[in-house]
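Right, one structure below, let's go through it.
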């Protein structure tokens with residue numbers, strides 16, 4: 001077999017695997033998109049095209065509370081986790097190597113821990129502290145599992161920085177705190193943004209940890225869905241519409257980010 | 001007599017139990033170009049960082065203008081630093097990098113523009129203001145770093161191996177420019193380097209350091225011609241160092257022979273180290289020479305040849321413009337004034 | 001820089017409250033008969049370990065290990081070639097395809113499970129659309145397919161990030177030294193991507209091992225997994241019943257935690273600060 005035919009063989013095999021991967025990952029998405037325009041409440045069969053679930057989503061208030069709860073917690077948790085995570089990362093980065101490695105192991109425990117274990121751990125802490133489960137405990141829980149992602153994505157940026165940047169700012173007259181804000185933060189901004197995005201997506205899609213820390217009254221979209229498909233009476237296909245909107249939104253965001261990056265690259269080349 | 005600007009007295013500093021500076025005393029004059037010279041890990045950068053306020057000494061005092069500043073933050077000292085890898089702010093353009101210190105001190109806008117442009121002109125970067133720092137060459141970034149420091153009109157500029165990342169040619173150019181800048185600005189420069197040539201070219205005063213201690217302080221001529229001990233002699237320039245004995249004033253014995261010299265003030269028969277620079281040997285006919293040997297190797301070095309001569313099993317290094325062939329028998333002579341006798345190095 | 005270290009102090013406190021303290025409590029509950037809600041006297045005991053002998057729990061562990069193991073193996077066997085293929089594409093195309101593979105994770109997990117339910121139901125809505133009638137609901141195959149589809153991107157991404165950064169010069173050097181394709185892969189590419197593989201295994205194996213909604217829905221509750229045991233011990237029984245099940249749930253969670261930390265420490269041998277976890 002010549003080198004060229006071998007190469008072609010590898011490429012074909014790789015492309016087939018990739019196609020299979022996309023098929024398996026996108027099948028449920030396609031089904032959700034189809035369900036969101038299926039004119040049937042129970043969806044046992046395809047009963048024609050409709051947009052009424054989308055209209056329902058905005059008109060009726062079935063899902064209003066869970067959606068609002070989800071968005072509010074996601075936004076607040078992301079903001080808090082981003083600020084905390086950024087400062088934690090800066091602190092950890094300043095440590096000597098052995099202690100930094102130890103801190104990073106600690107940081108990654110919630111990342112590798114099964115969500116169910118994290119959920120139980122948080123539940124234990126909250127019940128010990130005597131907190132009533134609800135909005136506040138869910139918020140704290142989401143901040144908690146958001147922080148490690150921020151730390152993880154800020155850390156590599158910090159490592160790439162000139163180690164004297166902070167001191168240069170002090171040297172030029174900044175106070176300790178303003179030196180952090182003026183010299184370090186702007187230069188790890190992409191890492192902070194990436195971390196915030198991670199924290200946000202983790203929060204908006206979280207089921208397990210919210211399930212354990214929300215109590216019986218407070219619900220986000222996922223826990224509401226869990227209850228709804230369990231009972232199946234209160235379930236509405238508007239949930240599919242909600243998911244379809246989120247999906248299309250993320251696709252649009254990716255296209256937007258990529259096109260902006262390309263535009264920037266073209267400008268730099270010029 | 002120049003006015004003393006910075007006084008370090010009795011400084012001690014350890015990191016994780018390792019002593020980096022011990023009993024460190026140094027005074028720096030106004031308008032002086034002083035260089036801390038030593039191998040890496042000798043404590044020179046730590047010393048600089050203590051002056052800059054980035055480290056606090058474990059013991060001892062730092063005084064600037066007679067005022068003790070041990071606890072003063074870096075931003076409260078009239079000192080600026082030019083960092084090893086420049087530490088330019090990647091998120092700001094050249095102009096904003098230079099303007100940084102002025103903005104922090106809330107200098108008036110028009111004044112900022114005037115001073116930044118003036119400084120950029122001084123470092124020959126006129127018109128580079130809107131450029132991103134990442135698009136500049138190493139030498140240009142170096143200039144921005146200097147501009148960013150001197151635009152604040154500090155009393156002292158600390159430079160930590162600022163030319164380390166540049167290639168040889170550029171480094172030599174920058175050496176002259178830095179020296180020139182120091183003269184015109186009238187700022188005290190405290191310069192850290194491990195490159196002895198750099199130190200010799202630019203400095204008014206060189207502080208040779210090793211293992212957290214000062215070994216010698218003096219003008220470049222002093223430390224080159226009159227090294228105080230074996231380490232200094234070895235570190236600055238190339239040297240042939242012999243163990244010898246001072247017979248009496250003006251007479252030293254080494255390698256089994258006695259030589260006239262110009263040194264005195266040693267005890268009779270005191271063990272000493274003798275330094276002869278490679279360029280100070282002359283070839284003479286073997287019949288007339290005290291030292292006779294055989295050429296072992298010869299390397300052309302541009303300006304001169306480096307010739308190794310084996311004399312009684314010991315290697316002598318000689319720099320000369322004359323050439324010899326390997327295997328030649330040669331005689332060596334040295335002028336008494338070029339034999340330098342030092343106290344035996346206690347640390348070695 | 002040294003001065004910035006104090007920003008790490010609140011981090012330690014924060015982590016101590018939310019990780020160290022609950023872990024200690026889980027430890028305590030696992031080895032004692034203390035009742036978390038009723039308080040009172042307690043004694044240390046190994047009696048909780050009996051739970052691992054209960055037939056239901058044994059079945060659950062067996063099912064979990066088998067299914068999570070199969071899921072991880074399948075994800076690796078599919079995911080590695082995909083990562084390799086993507087890393088060989090032009091950088092921009094590779095990155096876009098990679099992010100497209102991740103986008104579905106933004107979709108709600110429960111809805112994706114519901115979607116699989118529709119797919120695996122014969123004569124369903126899915127049949128109307130595609131003509132395919134699949135009857136898998138309630139089988140292990142259904143759970144396996146659902147899990148692979150759910151966790152595959154977590155395997156591909158870390159491997160892709162490592163392969164994408166791999167120095168092409170190394171491959172050329174290996175070829176120059178006489179290695180053929182198989183040798184280049186086995187001796188150079190694969191060892192260098194081992195850290196990514198381990199991260200991928202952790203990110204796939206642990207969630208698969210502990211998932212409880214997916215097996216409950218796609219397996220119709222016929223195939224219990226560890227996650228279902230923990231959920232029932234801690235969430236369902238707790239609400240009405242004896243404190244004993246809390247202690248048992250604690251022991252099971254603790255065991256999972258130990259497993260995940262061991263796996264993670266194994267991974268840190270390749271990647272000290274866990275950067276490939278992202």
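Values in this text are rule-based calculations from the coordinates and carry no lab data. If you're wondering where the values come from, they're calculated on a predicted model, not measured in any experiment. When we count neighbours, we look across all protein chains shown, and the Cβ atoms used for this are built from the backbone with ideal geometry, even at glycine.
Here are a few things to note about the model shown:
- Label-to-label distance, residue C:168 versus residue B:117, with points set 7 angstrom from Cα along the beta-carbon direction: 4.7 nm.
- q = 0.17 Å⁻¹, segment C:31-270: log10 I(q)/I(0) [Debye, one scatterer per Cα]: -1.22
- Nearest-ten-degree value, helix B:94-104 long axis tilted from longest Cα axis of chain B: 70 degrees
- Arranged from fewest to most other beta-carbon atoms within 10 Å of their beta carbon, C:48, B:329 become B:329, C:48.
- Sorting C:262, B:223 by the number of Cβ atoms found within 10 Å of their own Cβ, with the fewest placed first, yields C:262, B:223.
- Result for chain A in a Gaussian network model with C-alpha springs under 10 Å: among A:65, A:171, A:205, the largest mean-square fluctuation is at A:171.
- Residue-averaged [θ]222 nm for chain C, counting only DSSP H segments that reach four residues, each worth -39500 (n - 2.57): -20500 deg cm²/dmol
- Rg/Rh, computed from the Cα trace of segment B:176-224 with Rh as the Kirkwood radius, has the value 0.98.
- In this calculation the C-beta distance from residue B:29 to residue B:184 is compared with R0 = 22 Å, giving a FRET efficiency of 0.80.
- The label point for residue A:227 and the one for residue C:16, both projected 7 Å from the Cα toward the Cβ, are 3.7 nm apart.
- Estimated D of segment A:11-142 in µm² per second, where Rh is the Kirkwood radius over Cα pairs and Stokes-Einstein applies at 4 °C, 1.567 mPa s: 65 µm²/s
- Peptide B:149-159 has a mean of 1 when you count, residue by residue, the C-beta atoms of other protein chains within 10 Å of its C-beta.
- Here the calculated FRET efficiency for residue C:99 and residue A:132, from their Cβ-Cβ distance with R0 = 41 Å, stands at 0.55, rounded to the nearest 0.05.
- Scaled radius of gyration (Cα, divided by 2.2 N^0.38 Å) that segment B:138-191 gives: 1.06
- Only helices enter this figure: runs of n ≥ 4 DSSP H residues, each worth -39500 (n - 2.57), summed and divided by the residues of chain B, yield -7000 deg cm²/dmol at 222 nm to the nearest 500.
- Across all Cα pairs in the protein assembly as shown, the calculated P(r) in 10 Å bins from zero up to the longest distance comes to 2, 10, 15, 17, 15, 13, 11, 8, 5, 3, 1, 0 percent per bin.
- Between residue B:264 and residue B:306, the contour length at 0.36 nm per residue exceeds the Cα-Cα span by 12.0 nm.
- Largest GNM mean-square fluctuation across C:16, C:250, C:73, computed for chain C with C-alpha springs under 10 Å, falls on C:16.
- Distance cut-off 20 Å, percentage of C-alpha pairs in segment B:214-348 lying past it: 47 percent
- Averaged over A:88-97, number of beta-carbon atoms from partner chains that fall within 10 Å: 6
- DSSP beta bridges in chain B [antiparallel fraction, %, rounded to 5]: 75 percent
- Calculated SAXS-style log₁₀ I(q)/I(0) at q = 0.11, 0.12, 0.15, 0.21 Å⁻¹ - segment A:91-245, Debye, Cα scatterers: -0.59, -0.68, -0.91, -1.27
- Between B:190, B:299, B:20, the Gaussian network model of chain B with springs among Cα atoms under 10 angstrom shows the greatest mean-square fluctuation at B:299.
- Computed over segment B:1-78, the alpha-carbon pair-distance distribution with 10 angstrom bins reads 19, 53, 26, 2, 0, each value a whole percent.
- Taking only the C-alpha atoms of segment A:9-68, Rg followed by Dmax gives 17.5, 55 Å.
- For peptide C:82-93, the mean count of partner chain Cβ atoms within 10 Å of a residue's Cβ comes to 4.
- Mean Cβ count within 10 Å, highest first, over the residues of peptides B:206-216, A:147-157, C:164-174: A:147-157, B:206-216, C:164-174
- Using all pairs of distinct alpha-carbon atoms, the Kirkwood hydrodynamic radius of chain A works out to 22.0 angstrom.
- With Cα atoms, 0 to 90° folded angle of helix B:109-122 axis to chain B main axis: 20 degrees
- Taking the C-alpha atoms only, the angle from helix C:194-210 to the longest principal axis of chain C is near 30 degrees.
- Computed label-point distance, nm, for sites residue C:185 and residue B:135 using a 7 Å Cα→Cβ extension: 4.5 nm
- Quotient of Cα Rg and 2.2 N^0.38 Å for segment A:64-177, N being how many residues it contains: 1.29
- When the alpha carbon gyration tensor of segment C:133-216 is reduced to an equivalent ellipsoid, the three semi-axes, largest first, read 36, 14, 9 Å.
- Cα-based Rg of segment B:108-242 normalised by 2.2 N^0.38 Å, two decimals: 1.24
- For segment B:4-230, the Kirkwood radius over C-alpha pairs fed into Stokes-Einstein at 4 °C and 1.567 mPa s yields D = 72 µm² per second.
- Rounded to the nearest 500, the helix-only mean residue ellipticity at 222 nm of chain A stands at -25500 deg cm²/dmol, with each DSSP H run of n ≥ 4 adding -39,500 (n - 2.57).
- Packing-based exposure ordering (other Cβ within 10 Å, fewest first) of B:261, B:255, A:174, B:47: B:255, B:261, A:174, B:47
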